[in-house]
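Chemist: Take this structure first; my questions come after.
Computed from the coordinates by the stated procedures, all read-outs in this text should not be read as laboratory data. The structure presented is a predicted model; accordingly, all values stated were derived computationally and were not measured. Glycine gets a Cβ as well: all are built from the backbone with ideal geometry, and neighbour counts include every protein chain shown.
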Amino acid sequence: MIAVEGGHGLRGELTVQGAKNSVLPILAAAILCRDVSVIENCPRLEDVDASAAILRHLGCRVRWVGEDLEVDSSGLSRWDIPDGLMRRMRSSVIFLGAILARCGRAALSYPGGCELGPRPIDLHLTALRTLGAHIEERGGQLRCRGERLRGTEIVLSLPSVGATENAMLAACGADGVTVISNAAREPEIMDLQAFLRKMGASVRGAGTSTVIVEGGRPLHGCRHRCIGDRIAAATYLSAVAATGGEITLRGVDYRYLSTVTTALSQAGCRISSDEQHIRLRSTGRLRGVCPIRTSPHPGFPTDAQAVFMAALLRSQGTTVFVENIFQNRYRHVAELQRMGANIRLEGRVAVVCGVERLCGATVRCTDLRGGAALVLAGLQADGVTQVEEIHHIKRGYSDLTGDLARLGAKIQEIEA
C-alpha cells in the first residue's frame, strides 16, 4: 500500500528511468543471437522480472550487473513459454516473433496484463502468417511453426506497436526483405531498431510508417542503453503541475513528449526544454484545456491520459478526454470520484470539471497508469490517501514512491 499526504508542493531534479516499453521488446530481441547482450539503463520493474523469468525458462542466463541487465542467450534450449509466465504481463506475446525466428517453432498461451479491454493479438498472428508461419490456436494455446520464414510485405490494418515489433523480430530470421507498412511510429520502436542494428541486423525506417528489414543476417550480442521512459516523465511533470512547484527532468528526449508538454502549457505551466533537460514550473492552479484525444504516436499517448487527467482534477474549467485506443481505460475514474473528483463518463468520453478540493480516501489500483493517477490525486487531496494493490504500479515504475519523496512529497510504501 502507498500512503500519501496531500497539500505539499514538489521541487527538485530527477533522472528518468529507462523506458518500460523499450526494454521489453529489446529483451525478447536478445534471443535472436547466440551471444551476450547488455541492456543499460534497464528499469527494475515487475514486467522486467517477468521477462527475465521467461528468458531463464528458455535456457538463457540473466543477471543484474549494477543498473544493467545482462542476457546470455547462447544456451537457449526451449521454444515454449508456460501459461503461468505468459499471464504475468501482456507484453509477453512479443517473445513469439523472436522465438520463431531463432527456433523455427514456438508454443505459448495468450498473455495477461492490465485489464484495459480487448487487445487482440490477431494483428501479431496475421503478420507472422504473412511471413510463412503456420499457427494453430486451440483452447487459448498457440502452436507455431516457421522453419522457413520468407520476407514479404506486411500491411497492418492498425499501427499496432506490438504487432510492428513482433513483425520486426520475426523478419530478422526470415530470408529476404520484409516491408512493414502502416507500422507504428512510437519512439520505443526506434529504440528497438537501434538495438537490432547493434546486433548486426539490417533494419531501417523506424519512426515512420514503413519499416524495412533485410533478414537472414548473422547476429551477435551488443551493449545498448535504453531511452528514457516518456510516460514516467509525463507522470512526474503532471504531479508537479498539479501540486505546484518546479521540476527538472534528465534522461528523456523532450521531442517524445511534445503533445503532453503542449497540453501542460495550455493548462498554465511554464515549460522549457533542451537536449538534456525538461523543466516545468507550476503554481498548482491549472486551467482546463482543449479536448485531449488519445491516438498513436505522435498523438497524445494513451498511457499518459490517466496521469494528465489526475493533474486537472482541481483545475479551473472543464476538459474533455476522448480515449481512442483502449476500451476500458477509465477504470480509475470511479476511484477518483471517491476522492471528490467531478468526472462524467459516456463511452469513450470523460468530462472532467475541476473542483476546489479533493479528500483523502482509501482507493484501489485498477491498472498501471490508473494507479499512478490515484497517487497524483492523493498528492493534491486533503488528508491522507491510501492506495491499495500497488503491484500494478510496480509493473511500470521502478520507484514512484521514492522519486516523489525526493521531490518533497509526504509519501511512503507500507507493507501489507
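Chemist: Just to verify a number: FRET efficiency for GLU147 and ASP122, C-beta to C-beta distance, R0 = 25 Å, to 0.05?
Modeler: Values: r = 23 Å, r/R0 = 0.93.
Result of the calculation: an efficiency of 0.60.
Chemist: Return the calculated 222 nm mean residue ellipticity for the chain, to the nearest 500 deg cm²/dmol, obtained by summing -39500 (n - 2.57) across DSSP H runs with n ≥ 4 and dividing by the residue count. Please list the in-between numbers first.
Modeler: Working: 14 runs with 130 residues, N = 416.
Mean residue ellipticity at 222 nm (helix-derived): -9000 deg cm²/dmol.
Chemist: Ranked by Cβ crowding within 10 angstrom, fewest neighbours first, how are TRP79, TRP64 ordered? Could you put the intermediate results ahead of the total?
Modeler: Working: TRP79 19, TRP64 12.
Ordered from fewest to most neighbouring Cβ atoms within 10 Å, TRP79, TRP64 come out as TRP64, TRP79.
Chemist: Hey, in the GNM for the chain with a 10 angstrom Cα cutoff, which one of GLY347, GLY251, GLY151 fluctuates hardest?
Modeler: GLY347
Chemist: Here's a follow-up. In whole Hz, what ³J(HN,Hα) sequence does region 179-185 give by Karplus (6.51, -1.76, 1.60; θ = phi - 60°), x for Gly and Pro?
Modeler: Computed from phi, the couplings for region 179-185 are 10, 9, 9, 6, 5, 5, 10 Hz.
Chemist: Further question: Roughly how many nanometres apart are two label points built 7 Å out from the Cα toward the Cβ at GLU275 and VAL179?
Modeler: Those two pseudo-labels are separated by 3.4 nm.
Chemist: Here's a follow-up. Say R0 is 25 Å: what FRET efficiency, to the nearest 0.05, do GLU356 and GLN412 get from their beta-carbon distance?
Modeler: 0.40
Chemist: Report the Cα centroid-to-centroid distance between region 338-416 and region 1-49 in angstrom, as an integer.
Modeler: 20 Å
Chemist: Of the residues LEU149, LEU158, LEU32, which exhibits the maximal mean-square fluctuation in a Gaussian network model of the chain defined by a 10 Å Cα contact cut-off?
Modeler: Per the Cα network of the chain with a 10 Å cutoff, LEU158 tops the list.
Chemist: If you don't mind, another one. Karplus couplings for region 339-353 from phi (6.51 cos²θ - 1.76 cosθ + 1.60, θ = phi - 60°), rounded to Hz, Gly and Pro as x?
Modeler: In residue order, the calculated couplings are 8, x, 5, 9, 10, 10, 10, 8, x, 8, 10, 10, 10, 9, 9 Hz.
Chemist: Another question about this same structure. Counting alpha carbon pairs within less than 8 Å and at least 6 residues apart, what relative contact order, in whole percent, applies to region 20-225?
Modeler: On the way: 476 pairs, mean separation 43.3, N = 206.
Worked out over region 20-225, it gives 21 percent.
Chemist: Determine, from the Cβ-Cβ distance of ARG287 and VAL384 and an R0 of 22 Å, the FRET efficiency 1/(1 + (r/R0)^6), rounded to the nearest 0.05. Kindly include the intermediate steps, with their values, before the conclusion.
Modeler: Working: r = 28 Å, r/R0 = 1.26.
According to the calculation, E is roughly 0.20.
Chemist: Separation of region 309-326 and region 202-222 by C-alpha centroid, Å?
Modeler: About 38 Å separates the Cα centre of region 309-326 from the one of region 202-222.
Chemist: Which lysines, if any, have their Cα less than 16 Å from the Cα of LYS20, not counting same-chain residues under 8 positions apart?
Modeler: Qualifying lysines at Cα under 16 Å: LYS394.
Chemist: Could you tell me which label, among [x] 39, 24, 18; [y] 35, 23, 21; [z] 38, 21, 20, carries the value of semi-axes √(5λ) of the Cα gyration tensor in Å calculated for this structure?
Modeler: Step by step, semi-axes √(5λ) of the Cα gyration tensor in Å for this structure corresponds to label [z].
Chemist: Which residue fluctuates the most in the chain, going by a Gaussian network model with Cα springs under 10 Å, if the choices are GLN305, GLN380, GLN327?
Modeler: GLN327
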